[in-house]
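Reading through the structure tokens given below for one structure.
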Amino acid sequence: MFVRIHLSVLTLLIAGLAMAAEPPFEPETNGPAGEVAPADRILVNGNILTVDAADSVAQALAIRGERIIAVGSDDAVGELAGPDTEILDLKGRTVTPGLIDTHLHFSQGGLMRLSTLDLSFPRVRSVADVVDRVAARNAEAGEGDWIVGRGWDEGKLEERRYLYASDLDPVSGNRPAWLAHTMGHYGVANGLAMTLAGIDRDTQDPPGGVIDRDAAGEPTGVLKESAMKLVTRHIPAADADDKREALRQMARALNREGMTAAKDPGIGWGLGADTRASDEAWRLYREVADEGALTVRLFALWPSPTNLGEARALVRHIRDFTRPYDDTGDDRLISGGVKLFADGSGGARTAWMWEDWNRDGSGTDEGNRGYPAIDAEVLRELILLYHNNGLHMGVHAIGDRAIDWVVASYALALIHNPRRGLRHSIIHANIPTELAINTIAALQQQFDAAYPEPQATFTWWIGDTYAGNFGEARSLRLNPFRTYRDKGIQWGGGSDYFVTPFPARYGIWASMTRTPLLGVYGADAFGQAEAVDVRTALRSYTLWAAHQLFLEDRTGSIEPGKYADLAVWDTDFYTAPADAIKEARCLMTLLGGKFVYRADDSEPAPPVP
């Protein structure tokens, strides 16, 4: 029945209306009629990858105020120099548009980066490494402190297994402990944390969650999806000063990687919808922006409640200032829309699938096809509610069945209310079916909607876990970028930080190579059929990503009239081997024509995992 409905939806799609274009940029003039005012800064002798419609490469560009006023040859652009113009000789270095991440947990990930124990690879390679770091944190922590960590992944541990409370209890003393998995959809609690949460063998799984149990029925400490909240709600909250500092440091870290914009998919500090936490995050974002320390363009999504009553209240709360298709304000901090969940995780094997999950590559997790994060019909009603109220939305969907459901729901919403230009997205969109891909292509063409926002780095950073869980056949379908390109589908690249590292250069590289970190199931577990070329990969982290922030007319490419959001690199992305892009070093970053990062010659290059 589902497939028949979905096919009928596809046949009803009709041609949409062309969107109105912004007025053309007109250079500022002064002095004699027609004379163009001189530039504030000119960059010359460069290799400027414009990512414009022709994908042209230039030598020089000129900036006045926040905007680019000219791009071209050294001689042509040099004519815009005046007596006070700063001339910067690039000495042949490469310039790209500032890189953009369409899915980066800026507020939550920034706070975790600042305040939690880092258990990621290569710091941690075994269960013993985790135990040692937990023991060290226990020794240094203050009275009443929790031990809170993040970033472990069984796919990178020598033992290839979960962490358990039995690993943590001998070294965590009298402190509760919670260690979040790198994917954020599961983690492990020690015995004291489970006691505080009231979890024992008689505790039932909460709706949408799983309490992992051993053969005797005892909780192991591993909690998945909504079950995590049983413990995490007891962790003491950070204060506002720490949260502000987390936002400042996150912005600076992105600038160091040539990144100038990001989409925060669910502002706040923890799991799920919490209007008070989201309101606080929005207020703190504004405060940090007002002090000039939010040195990226930030597009915020508000977490959706899971019931219609609270969702209607959220609509009333945000809709008057959440209309990015009409107004993006100062283009620095944008209230963009709403984030929802259709399913869970590829790591926890909770994402909603058409067929059983695999185990260890070739084994089968018999009877486990995951499940919807909330009742699927309620999710569809939420999608209709937000669409009818003119709110952009992104829906997390990893499993093929979840993706089908979300895409069909978008199609139904657009048939009932054919409003073009809301740019609804499918977040992650890991393994879409052919039916979903064809429908996505039609919805983009006709309604400017249904844009995948995937993470190329999933095949790398969590690729060893993913290959084991998706199995050989489905792994070849993960992130089908070449199919997207061939069907005219546009996507916006992201990292899902803190799930994978945030430097967008990793995403560009992973789009080209599809190489898992350790190669547990083979160095080519995802195949090369869906790899793309560097120009396509770069576009997905620049102009196409800007489209998903409703800023493609203002940033994302190097063209006159656009903001001078730029990154200067030591590597020519278009001619260097793919692995050199992974190791590229950002030398300078400009946001709106101003330097927000300059590398010190004595500063070591960022490490490459």
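The values are calculated or read from the model by the stated rules, or taken from the named source; none is laboratory data. What you see is a predicted model, and the numbers here were worked out from it, not measured in a lab. Here the Cβ positions follow ideal geometry from the backbone for every residue, glycine too, while neighbour counts run over all protein chains shown. To get the accessible areas, we keep the full protein, side chains included, count just its heavy atoms, and leave off ligands, DNA and RNA. Shrake-Rupley method; radii C 1.70, N 1.55, O 1.52, S 1.80 Å.
Restricting to segment 188-197, give me the number of residues that are in contact with a helix residue (DSSP H, G or I) (Cβ under 6 Å, 6 or more places away or on another chain) and open to solvent by less than 10 Å² (accessible area, probe 1.4 Å). I'd like the intermediate steps shown before the answer.
Keep residues of segment 188-197 that are in contact with a helix residue (DSSP H, G or I) (Cβ under 6 Å, 6 or more places away or on another chain), which gives 189-191, 193, 197.
Now narrow it down to the ones that are open to solvent by less than 10 Å² (accessible area, probe 1.4 Å): 189-190, 193.
Count: 3.
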Task: Output for segment 490-518, where each listed residue is more than 14 Å from the chain's Cα centre (by Cα) and among the small types (G, A, S) - done: A510, S511
TODO: Hey, can you tell me all the residues within segment 363-385 that are out of contact with any helix residue (DSSP H, G or I) (no Cβ under 6 Å at 6 or more places or on another chain) and either under 22 Å from W460 (Cβ atoms) or of a type in the set (V, I, T) (or both)?
DONE: T364, I374, V378
TODO: Select, from D167, D200, D212, D205, the only residue that is open to solvent by less than 40 Å² (accessible area, probe 1.4 Å), of a type in the set (D, E) and farther than 23 Å from R137 by Cβ.
DONE: D212
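State all residues of segment 355-367 that are touching an Asp or Glu at 6+ places or on another chain (Cβ under 9 Å) and either loosely packed, with under 15 Cβ neighbours inside 10 Å or among the acidic types (D, E) (or both); if no residue qualifies, say none.
Taking segment 355-367 first, the residues touching an Asp or Glu at 6+ places or on another chain (Cβ under 9 Å) are 355-359, 361-362, 364-367.
Listed by number, the residues that qualify are E355, D356, S362, T364, D365, E366, G367.
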Open item on the list: Looking for something in contact with a Leu (Cβ under 6 Å, 6 or more places away or on another chain), among the polar types (S, T, N, Q) and closer than 21 Å to R113 by Cα - is there at least one such residue anywhere in segment 295-302?
Closed with: yes
Open item on the list: Anything in segment 481-507 that is farther than 21 Å from T96 by Cβ and either in a loop (DSSP other than H, G, I, E, B) or open to solvent by 10 Å² or more (accessible area, probe 1.4 Å) (or both)? List them, or say none.
Closed with: R482, T483, D486, K487, G488, I489, D496, F498, V499
Open item on the list: So, in segment 80-120, how many residues would count as being of a type outside the set (S, T, Y), outside any loop (DSSP other than H, G, I, E, B) and under 15 Å from the mean Cα position of the chain (by Cα)?
Closed with: 7
Task: Residues of segment 286-315 satisfying the condition of being part of a loop (DSSP other than H, G, I, E, B) and either without any contact (Cβ under 8 Å) to a residue 24 or more places away in the chain or among the hydrophobic types (A, V, I, L, M, F, W, C) (or both) - done: E291, G292, A293, L294, V296
- [ ] Tell me which residues, restricted to segment 432-448, are surrounded by 23 or more Cβ atoms within 10 Å (Cβ to Cβ) and either modelled with pLDDT under 95 or part of a loop (DSSP other than H, G, I, E, B) (or both).
- [x] P432
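Could you pull out every one of the strands (runs of 3 or more DSSP E) wholly within segment 181-285 that has 2 or more residues that are within 21 Å of G144 (Cα to Cα) and in contact with a strand residue (DSSP E or B) (Cβ under 7 Å, 6 or more places away or on another chain)?
On the way: elements: 186-189, 209-213, 219-225, 259-265.
Where strands (runs of 3 or more DSSP E) fall fully within segment 181-285 and carry at least 2 residues being within 21 Å of G144 (Cα to Cα) and in contact with a strand residue (DSSP E or B) (Cβ under 7 Å, 6 or more places away or on another chain), they are 186-189.
In a strand (DSSP E or B) and within 21 Å of G344 (Cα to Cα), is that true of R150?
Values: in a strand (DSSP E or B): yes; within 21 Å of G344 (Cα to Cα): yes.
Taking the combined requirement at face value, the residue satisfies it.
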TODO: State all residues of segment 121-132 that are in contact with a Phe, Trp or Tyr (Cβ under 7 Å, 6 or more places away or on another chain) and either part of a helix (DSSP H, G or I) or open to solvent by 10 Å² or more (accessible area, probe 1.4 Å) (or both); if no residue qualifies, say none.
DONE: V130
Open item on the list: Of the residues D343, D400, D404, D375, only one is without any contact (Cβ under 8 Å) to a residue 24 or more places away in the chain, on the phi < 0 side of the Ramachandran plot and of a type in the set (D, E, K, R); which?
Closed with: D375
- [ ] Take segment 401-428 and flag every residue that is out of contact with any Asp or Glu (no Cβ under 7 Å at 6 or more places or on another chain), open to solvent by 10 Å² or more (accessible area, probe 1.4 Å) and not aliphatic (A, V, I, L, M).
- [x] R401, W405, H416, N417, P418, R419
Task: Pairs, first in contact (Cβ under 8 Å) with a residue 12 or more places away in the chain in segment 216-238, second part of a helix (DSSP H, G or I) and β-branched (V, I, T), C-beta under 8 Å, six or more apart - done: L223/V231
TODO: Identify, from the list T96, T29, the residue that is at pLDDT 95 or above and either farther than 25 Å from V568 by Cβ or open to solvent by less than 30 Å² (accessible area, probe 1.4 Å) (or both).
DONE: T96
Open item on the list: Where the second residue is hydroxyl-bearing (S, T, Y) and open to solvent by less than 30 Å² (accessible area, probe 1.4 Å) and the first is on the phi > 0 side of the Ramachandran plot and lies in segment 133-152, which pairs have Cβ atoms under 8 Å and are six or more apart or on separate chains?
Closed with: G151/S120; G151/T182
TODO: Name the single residue, out of those in segment 32-45 being open to solvent by less than 70 Å² (accessible area, probe 1.4 Å) and at pLDDT below 90, that is farthest from L80 (Cα to Cα).
DONE: G34
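Determine whether A177 is under 26 Å from S107 (Cα atoms), crowded, with 23+ Cβ neighbours inside 10 Å and in contact with a Pro (Cβ under 8 Å, 6 or more places away or on another chain). Steps first, please.
Working: under 26 Å from S107 (Cα atoms): yes; crowded, with 23+ Cβ neighbours inside 10 Å: yes; in contact with a Pro (Cβ under 8 Å, 6 or more places away or on another chain): no.
So A177 does not fit the description; no.
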- [ ] For residues that are modelled with pLDDT of 95 or more, in a loop (DSSP other than H, G, I, E, B) and farther than 22 Å from P265 by Cβ, tally how many sit in segment 362-398.
- [x] 5
